[in-house]
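Report on the following structure.
The values are calculated or read from the model by the stated rules, or taken from the named source; none is laboratory data. Please read all numbers here as calculations on a predicted model, not as lab measurements. Heads up, the Cβs are rebuilt from the backbone with ideal geometry, glycines too, and the neighbour counts pull from every protein chain shown.
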Amino acid sequence: MTPESKKRFTWTLAVLALGVVVAALAARPLMRAYREHNARQDVAQARVFLGEKDYEAALEAAHRAYVADPLNPDVVRTVAMIYNDIDPVKAEEFWAEAFELSGDNNDLGNWVSAALKAGDFETAREQLEVMKARGLEDSAWLFYNGQVLLHDQDVNGALVEARKALALKPTDERVHFFFVRLTQLSPDEALRKEGMDYLWRLARQRDTLGLRALRNLAEYTTNTDAERLEIIRLLKEHPQVTREDRLLALRLGYQLPGANAEANLEQAERFFDLSSPLDLVELGRWLNLQGRYEQTLALIPSDMAFARKDLFLVRLDALAQLGRWEEIGEIIQRPHAPLDEFLKFLFLSRVYFETGKLAEAEITWDRAVLEASREVDKLWYLVKYARQLNFNAEAIKALWRLADYPAQKRQAYAQLLVLYQLGHDTAGMLRVLDRMLVSYPDNFSVLNDWAYINLLRNQRVPEALRAAQRVLRESTQPFLAHYVTLALAYYRTGDFKQALDTLQPLQINWAEAPAKWRVVFAAILRANGRFSDAALMLSGVHAEDLLPEELALVRAGGSAS
């Protein structure tokens, strides 16, 4: 090749290379635009599926959109909306992500709402402060703050927030039912009557709110037969009544004296297509809820149940409610039983437990946990199943597994605290709080609880005192719990006067405060020589409401009934 040819060849290669680079650079925005276009289409499709309550299809479409365009707030928002209905823990995660991307106030409010549904009150408390700083103290803020106050056992404070929210926005349906719920938690009989009268007034409205009020009323076990008849009448006459509402009326009919079970079943069957397996599943579940288990077994015979997992589970539920455990054990171990290994071990563990084979029950439960250990949804199912049966030790095992997953640990910790508290196990509570403090060192709710439990156990007192002082010094909205913890810290250090000075100036109706805080105050009053005031503070405090260490404070300051 001549020098001139080489030169021309080199130039040709350079031009081609430049063309490739230019084409690649041009293609990148085109590819990005293509992905964003597909993501928008998937989001639109996901929202259609969500409107139809087809959550599986909605999640599939939303997942495609998220993979294609994960930094688009509208995409993340759509994923969060889907999880709102099926998994509050995941909903909280995606609403937090949406707010981080958008900074939008609506995303912030939805994040708080999801956190409350997930039981993550610490995050809810933190983000309520953010809402407040943004000037968003509207009816939604009051409603959310009321839920936090209720979690803190401040029913009166929650009632104040609910009344304010109703005055600000009487069209917010959530607030109406929150207000009624709070009235029924009050020891004041007049307030409870006010709440029920209010709910009955709502129930007589012929609109969506009235229908929701009727559904709400139907769940009260204190209804008289006359009230059940009135609810049935109002349901039948309501212009927006659905199939579920007609079934609700039938369920109330089952509770009336002289109810005709066969006639009720015939009426219920009219609302279903008995040739449809999905309708059979729904009818079977409804019958089980009414306690009509024999009718469920007649509706879904054994050979039909073995054809589909959902029918099989409905029949198993009826057998379990009838206590036919030996039969269940034989059925689920048949070769063609439509159960995966996880459910098989879970149900078999229950069979062993109910038939007194406790060692086999524990071994089989552990196998179910092992089968579920790599799938978060199955672990949460284990927790729910165990808690429904009051198998708290088994629930705790699954929750500690969940705590190893970064996205699940906050909710797992919250439930662990509840279970350890139910078991009066402050060592277990402290084990959780130690882990939480590592993960959330600046969360004042966690820090305060960590200090309180340490102080109850009379350990790490200097560190707990510093923590309590920091919480009260740096918190923008100190709660009564913070003052009580600091007062307990001074009490443990022997500074009884400072402990008294921490609580005495507070404008609190102590007769309505949680028992555990009254116990702390009573111990402090007694340490300051105010024995009669301490005895009065303990009036109405019951030993079963207290942790062992709180009960020890009672013994130091008086007696609990």
Among (1) closer than 30 Å to residue 344 by Cα; (2) modelled with pLDDT of 90 or more; (3) of a type in the set (A, V, I, L, M), residue 234 falls short only on (1)
Here the residues within the range 418-461 that are touching a residue at least 12 places away in the same chain (Cβ under 8 Å) and not in a helix (DSSP H, G or I) are 423, 424, 440, 443, 457, 458
- Message: Looking for something among the basic types (Lys, Arg), within 28 Å of the chain's Cα centre (by Cα) and closer than 22 Å to residue 161 by Cβ - is there at least one such residue anywhere in the range 200-207?
- Response: no
Going through the range 247-305 in order, the residues found to be on the phi > 0 side of the Ramachandran plot and more than 29 Å from the chain's Cα centre (by Cα) are 258
Taking the range 388-401 and keeping residues touching a residue at least 24 places away in the same chain (Cβ under 8 Å) and part of a helix (DSSP H, G or I) leaves 392, 394, 395, 396, 397, 398, 401
Quick check: anything in the range 430-443 hydroxyl-bearing (Ser, Thr, Tyr) and either farther than 24 Å from residue 491 by Cβ or in contact with a Pro (Cβ under 7 Å, 6 or more places away or on another chain) (or both)? yes
Cβ pairs under 9 Å, 6+ apart or interchain, first in the range 291-305 and closer than 17 Å to residue 269 by Cβ, second surrounded by fewer than 21 Cβ atoms within 10 Å (Cβ to Cβ) and of a type in the set (Lys, Arg), ordered by first then second residue, are 296/285
Sole miss for residue 479 among (1) at pLDDT 95 or above; (2) surrounded by fewer than 23 Cβ atoms within 10 Å (Cβ to Cβ); (3) within 26 Å of the chain's Cα centre (by Cα) is condition (1)
Being out of contact with any Phe, Trp or Tyr (no Cβ under 9 Å at 6 or more places or on another chain), within 23 Å of residue 297 (Cα to Cα) and buried (at least 18 other Cβ atoms within 10 Å of the Cβ) narrows 312, 347 down to just 347
| message | Considering only the range 59-79, I want to know if a residue exists there that is loosely packed, with under 13 Cβ neighbours inside 10 Å and at pLDDT below 80. | response | no
Of the residues in the range 265-284, those that are in contact (Cβ under 8 Å) with a residue 24 or more places away in the chain, in contact with a helix residue (DSSP H, G or I) (Cβ under 6 Å, 6 or more places away or on another chain) and assigned to a helix (DSSP H, G or I) come to 265, 281, 284
Filter the range 204-222 for residues that are within 17 Å of residue 256 (Cβ to Cβ) and out of contact with any Phe, Trp or Tyr (no Cβ under 9 Å at 6 or more places or on another chain); the one that is surrounded by the fewest Cβ atoms within 10 Å (Cβ to Cβ) is 221
Residue count, the range 288-308, condition within 14 Å of residue 262 (Cα to Cα) and small (Gly, Ala, Ser), comes to 2
The correct count of residues that are touching a Ser or Thr at 6+ places or on another chain (Cβ under 7 Å) and closer than 16 Å to residue 550 by Cβ in the range 475-507 is 1
Flagged pairs (Cβ under 6 angstrom, 6 or more apart or on separate chains; first in the range 69-81, closer than 16 Å to residue 108 by Cα; second surrounded by fewer than 22 Cβ atoms within 10 Å (Cβ to Cβ) and of a type in the set (Gly, Ala, Ser)) are 73/102
Flagged pairs (Cβ under 7 angstrom, 6 or more apart or on separate chains; first in the range 470-496, in contact (Cβ under 8 Å) with a residue 24 or more places away in the chain; second outside any helix (DSSP H, G or I) and among the hydroxyl-bearing types (Ser, Thr, Tyr)) are 482/475
Among the residues of the range 170-187, the number that are crowded, with 16+ Cβ neighbours inside 10 Å and touching a Ser or Thr at 6+ places or on another chain (Cβ under 8 Å) is 2
Expected single match for outside any helix (DSSP H, G or I), among the small types (Gly, Ala, Ser) and farther than 30 Å from residue 354 by Cα among 464, 407 is 407
